[in-house]
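S.K.: Before I ask anything, here is the structure I am working with.
The values are calculated or read from the model by the stated rules, or taken from the named source; none is laboratory data. What you are looking at is a predicted structure, and each value in this text was computed from that prediction instead of being measured. Cβ: placed from backbone, ideal geometry, glycine included. Neighbour counts: every protein chain shown.
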Amino acid sequence: MNILVCIKQVPETTDVRINPETNTLVRDGVQSIVNPFDMYAIEEGIRIREKHGGKVTVITMGPPQAENALREAVSLGCDEAVLLTDRAFAGADTWATSYALSMAIRKIKDFDIIICGKQAIDGDTAQVGPGISTFLDIPQITYVKKIEDIKPGFIRVERLTEEGFTAIESSLPVLLTVVKEINEPRLPSLKGKMKAKSLQIAKWTAVDIGANPEKIGLPGSPTIVNRIFTPPKKAGGRIMKGDAVQIVTELVGELREKHIV
Amino acid sequence: MPLMVNEKCIGCKLCEKACPFDAIHVVEKLAVVDLDKCTLCGACVPACKFDALKIDVKRRGAANKDDFKGVWVFAEQKKGKVQSVAFELLGAGRKLADVRKSELCAVLLGKDVTGETARLFHKGADKVYVVDRPELENFLDEPYAKILDKLVKKYKPEILLAGASTIGRALIPRVAILSNTGLTADCTGLDIDPATGNLLQTRPAFGGNIMATILTDLHRPQMATVRHKVMKELAPDTSRTGQVIDVTDIDAADLSSRTKIANIVDELEKTVNLTEADVIVSGGRGLRAPENFKMLEELALVVGGAVGASRAAVDSGWMPYSHQVGQTGKTVCPKVYIACGISGAIQHLVGMQSSDVIIAINKDPDAPIFSVANYGIVGDVFEVVPQLTTKLKEVLKK
């Protein structure tokens, strides 16, 4: 089984705050990390290899420093790594990102299963996984919470739904996006860390993957950001302080009066 | 260089602060762009008060925009029943269609679903396209995407809206690629730009701490997904009817699928149906330990509600992910939302701020949760919550 895992380097966004006085982003101390949902994709790729043999190739598109995300994936057990990096990719929306990644995957050629995290925590769109499978014209199964069975040319998984789950069978190759419930990601091993330090990472440009320049980066993106703003504040409500018993009595009285409870 | 700084720059550093990627620095009173870090996200351009930044890139356009008319809503169905998110989207779509002076249409794919068309008309649709085939009984990514793409190419709607559900989030990205157009996920606001007629798609960005308005300016249709409970459905008007268009020219190839459903398992009793609850009692980091959620369960029991959690509580392993409220969890709109020990990061606020009444309990008087609360109690959750439970038990018994 040859597995491709697509990952993204993201800012650790829970740390990004708005300075209310200047209305600007506070970036101090924001670290770049591997998108947390992609950690489950990496882990699942490694588990499939451990059971069925083959290799796990991790791939990302981003600025040169996205190499760090790939090295982290290798330290966890991925065998090979590919970095798509080129100024021409900058400004890509999910359409142009899916296209570029699909072109790189065509160049890699030999794969049975592509695994992505269900979404990235910076954009939260969940669109790139399905985008890649559509460009490659392969089937997709999103929100996978369990892989039940893999045989040559066949996979059976459970897809998480609002009501429970659906067991789905597919031919291979297939693209899966995985959710948290699928596994518990491991920590890097010493051997993995050594490998991550020394591994030669393939760096591909837009020309290397044969991408149409009109379909990548900002020029290739159907969507653009028109405006960025801080959300308008709701008019503040009533603030209650002091003795808990007294506040609660007052609150419950008002809730009853207004027929809220 | 695609991000250009012109002579109007005075080195005020507003762009430096606005950049989410640390890619702009003011050097000798002039903004300098670090090309390795710049992602061309565009956050700096509107932040500049001096019109000194321009992203100078020619983007490919594809569609002859005037050929595209009408607002479409994908009427997601399960077991033959149209899901409530579709009715909510008809509510939002009705306004957009009225501004554009165009039709509001629903698209319904399924098996034996024609009976559902009446409800779609009652909730605002002028027209319903129905593809009724046994193969479409349950959602399958490939045939649904191929058929929706085919309909889009044939009838050319200007806007296509779908729920940001498991189905919508798998289906619409596929359709957007096949139809060669843009898609904006999880919109919290949809409006028409009076100047250009473009759809203004507003959503949380960069982890939900700021909002961004996204345009699909050169391609059609403009596609967007919206979560359940974000838009409001219209009151049903049972006198409304409309035109049903039964689409029959569907090929075997359009219906073929490489994935197949082996089994559908509903385990609703095991999952919390947070999105349908009238009262939600939610806990965050302030609860300090998983066992303290017991206290929230007691309160929820008294008011007949469900228990939610912030991302911080879920990430700490105190509550399962199915309870998470917020941008990466569920969007909820209960009658009463009680936030206990939740500071209120915007990523949480976007998931609950449209609740009818918000009660927040937090020790920190500066916690952002108080900015959206109708009742903000500054105090210790471990004191206030049990007190609230006792008091409500008392009054609700009467």
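S.K.: What single numbered condition from (1) hydrophobic (A, V, I, L, M, F, W, C); (2) in contact with a His (Cβ under 8 Å, 6 or more places away or on another chain); (3) surrounded by fewer than 19 Cβ atoms within 10 Å (Cβ to Cβ) fails to hold for B:L274?
M.R.: Single failed check for B:L274: (3).
S.K.: From the list A:K180, A:K146, which residue is more than 9 Å from chain B (Cβ to nearest Cβ), of a type in the set (D, E, K, R), closer than 30 Å to B:L183 by Cα and touching a strand residue (DSSP E or B) at 6+ places or on another chain (Cβ under 9 Å)? Quick ask: steps written out before the conclusion?
M.R.: Details: A:K180 fails: more than 9 Å from chain B (Cβ to nearest Cβ).
After ruling out the rest, the residue left standing is A:K146.
S.K.: Separate question: Of everything in segment B:301-315, what is under 30 Å from B:T225 (Cβ atoms) and part of a helix (DSSP H, G or I)? Give them in sequence order.
M.R.: The first filter runs over segment B:301-315 and keeps only residues under 30 Å from B:T225 (Cβ atoms), leaving B:305-315.
Hits for segment B:301-315 are B:R311, B:A312, B:A313, B:V314, B:D315.
S.K.: Examine segment B:208-220 for a residue that is in contact with a His (Cβ under 9 Å, 6 or more places away or on another chain) and modelled with pLDDT under 95, and state whether such a residue exists.
M.R.: yes
S.K.: So, one more: Filter segment B:280-292 down to the residues that are in contact with a helix residue (DSSP H, G or I) (Cβ under 9 Å, 6 or more places away or on another chain) and either surrounded by fewer than 21 Cβ atoms within 10 Å (Cβ to Cβ) or not assigned by TED's automatic domain parsing to the domain that holds B:S355 (or both) and list them by number.
M.R.: Here is the first cut: in segment B:280-292, the ones in contact with a helix residue (DSSP H, G or I) (Cβ under 9 Å, 6 or more places away or on another chain) are B:280-288, B:290, B:292.
Answer for segment B:280-292, where residues must be in contact with a helix residue (DSSP H, G or I) (Cβ under 9 Å, 6 or more places away or on another chain) and either surrounded by fewer than 21 Cβ atoms within 10 Å (Cβ to Cβ) or not assigned by TED's automatic domain parsing to the domain that holds B:S355 (or both): B:R285, B:R288, B:P290, B:N292.
S.K.: With the condition kept exactly as written, say whether any residue in segment B:249-262 is surrounded by 14 or more Cβ atoms within 10 Å (Cβ to Cβ), within 16 Å of B:W72 (Cα to Cα) and not charged (D, E, K, R).
M.R.: no
S.K.: Of all residues in segment B:262-311 being β-branched (V, I, T) and out of contact with any strand residue (DSSP E or B) (no Cβ under 6 Å at 6 or more places or on another chain), which is nearest to the other protein chains (Cβ to nearest Cβ)?
M.R.: Our first condition is that a residue be β-branched (V, I, T); within segment B:262-311, this holds for B:264-265, B:271-272, B:275, B:279-281, B:302-303, B:307.
Okay, now just the ones that are also out of contact with any strand residue (DSSP E or B) (no Cβ under 6 Å at 6 or more places or on another chain), so B:271, B:302.
On the way: B:T271: 7, B:V302: 10 Å.
Top of the filtered list is B:T271.
S.K.: Further, regarding this structure: For segment A:26-121, please list each of the strands (runs of 3 or more DSSP E) lying entirely inside it that holds at least 1 residues being over 18 Å from the mean Cα position of the chain (by Cα) and not hydrophobic (A, V, I, L, M, F, W, C). Don't jump to the end; show me each part of the working.
M.R.: Working: elements: A:32-34, A:55-61, A:80-84, A:113-117.
The qualifying strands (runs of 3 or more DSSP E) are A:55-61, A:80-84.
S.K.: Another question about this same structure. Tally the residues that are surrounded by 15 or more Cβ atoms within 10 Å (Cβ to Cβ), among the hydrophobic types (A, V, I, L, M, F, W, C) and not in a loop (DSSP other than H, G, I, E, B), restricting the search to segment B:2-28.
M.R.: Adding up the residues that qualify gives 7.
S.K.: Of all residues being touching an Asp or Glu at 6+ places or on another chain (Cβ under 8 Å) and of a type in the set (V, I, T) in segment B:157-190, which is farthest from A:E158 (Cα to Cα)? Just the residue, please.
M.R.: Here the residue is B:V175.
S.K.: Answer yes or no as to whether B:L89 is in contact with a helix residue (DSSP H, G or I) (Cβ under 6 Å, 6 or more places away or on another chain), part of a helix (DSSP H, G or I) and of a type outside the set (S, T, N, Q). Give the steps one after another, and end with the answer.
M.R.: Details: in contact with a helix residue (DSSP H, G or I) (Cβ under 6 Å, 6 or more places away or on another chain): no; part of a helix (DSSP H, G or I): yes; of a type outside the set (S, T, N, Q): yes.
Taking the combined requirement at face value, the residue does not satisfy it.
S.K.: Among the residues of segment B:288-306, is any touching a residue at least 12 places away in the same chain (Cβ under 8 Å) and within 27 Å of A:A120 (Cβ to Cβ)?
M.R.: no
S.K.: Looking for something more than 22 Å from the chain's Cα centre (by Cα), within 12 Å of chain A (Cβ to nearest Cβ) and touching a residue at least 40 places away in the same chain (Cβ under 8 Å) - is there at least one such residue anywhere in segment B:186-197?
M.R.: For segment B:186-197, residues more than 22 Å from the chain's Cα centre (by Cα), within 12 Å of chain A (Cβ to nearest Cβ) and touching a residue at least 40 places away in the same chain (Cβ under 8 Å): absent.
S.K.: Among the residues of segment B:70-86, which ones are in a loop (DSSP other than H, G, I, E, B) and crowded, with 17+ Cβ neighbours inside 10 Å?
M.R.: Taking segment B:70-86 as the starting set, the residues that turn out to be in a loop (DSSP other than H, G, I, E, B) are B:70, B:75-76, B:79-80, B:83.
B:G70, B:A75, B:E76, B:Q83, listed by residue number.
S.K.: Only one of these is buried (at least 22 other Cβ atoms within 10 Å of the Cβ) and either modelled with pLDDT of 95 or more or within 14 Å of another protein chain (Cβ to nearest Cβ) (or both): B:P134, B:P173. Name it. Even if it seems obvious, please write down each step before you answer.
M.R.: Numbers: B:P134 fails: buried (at least 22 other Cβ atoms within 10 Å of the Cβ).
That would be B:P173, the only listed residue that is buried (at least 22 other Cβ atoms within 10 Å of the Cβ) and either modelled with pLDDT of 95 or more or within 14 Å of another protein chain (Cβ to nearest Cβ) (or both).
S.K.: Could you list all residues from segment B:345-354 that are touching a strand residue (DSSP E or B) at 6+ places or on another chain (Cβ under 7 Å), modelled with pLDDT of 85 or more and within 11 Å of chain A (Cβ to nearest Cβ)?
M.R.: Selection gives B:H348 alone.
S.K.: Another question about this same structure. For A:L136, are the conditions met, namely being in contact (Cβ under 8 Å) with a residue 24 or more places away in the chain and touching a Ser or Thr at 6+ places or on another chain (Cβ under 6 Å)? Full working, then the answer.
M.R.: Working: in contact (Cβ under 8 Å) with a residue 24 or more places away in the chain: yes; touching a Ser or Thr at 6+ places or on another chain (Cβ under 6 Å): yes.
Here the answer is yes, as A:L136 does meet what is asked.
S.K.: Further question on the same structure: For segment B:143-157, what are the residues that are out of contact with any helix residue (DSSP H, G or I) (no Cβ under 8 Å at 6 or more places or on another chain) and buried (at least 20 other Cβ atoms within 10 Å of the Cβ)? Steps first, please.
M.R.: Restricting attention to segment B:143-157, the residues satisfying the condition of being out of contact with any helix residue (DSSP H, G or I) (no Cβ under 8 Å at 6 or more places or on another chain) are B:151, B:153-155, B:157.
Those that are out of contact with any helix residue (DSSP H, G or I) (no Cβ under 8 Å at 6 or more places or on another chain) and buried (at least 20 other Cβ atoms within 10 Å of the Cβ): B:L151, B:P157.
S.K.: Something else: Looking only at segment B:363-383, count how many residues are without any contact (Cβ under 8 Å) to a residue 24 or more places away in the chain and not hydroxyl-bearing (S, T, Y).
M.R.: Narrowing segment B:363-383 to residues without any contact (Cβ under 8 Å) to a residue 24 or more places away in the chain: B:364-366, B:374-380, B:383.
Keeping just the survivors that are not hydroxyl-bearing (S, T, Y) gives B:364-366, B:374, B:376-380, B:383.
Number satisfying all stated conditions: 10.
S.K.: Among the residues in segment B:98-121, are any in a helix (DSSP H, G or I), within 14 Å of B:R220 (Cα to Cα) and small (G, A, S)?
M.R.: Our first condition is that a residue be in a helix (DSSP H, G or I); within segment B:98-121, this holds for B:98-99, B:114-121.
Then drop every residue that is not within 14 Å of B:R220 (Cα to Cα), which leaves none.
So far as segment B:98-121 goes, no, none of its residues is in a helix (DSSP H, G or I), within 14 Å of B:R220 (Cα to Cα) and small (G, A, S).
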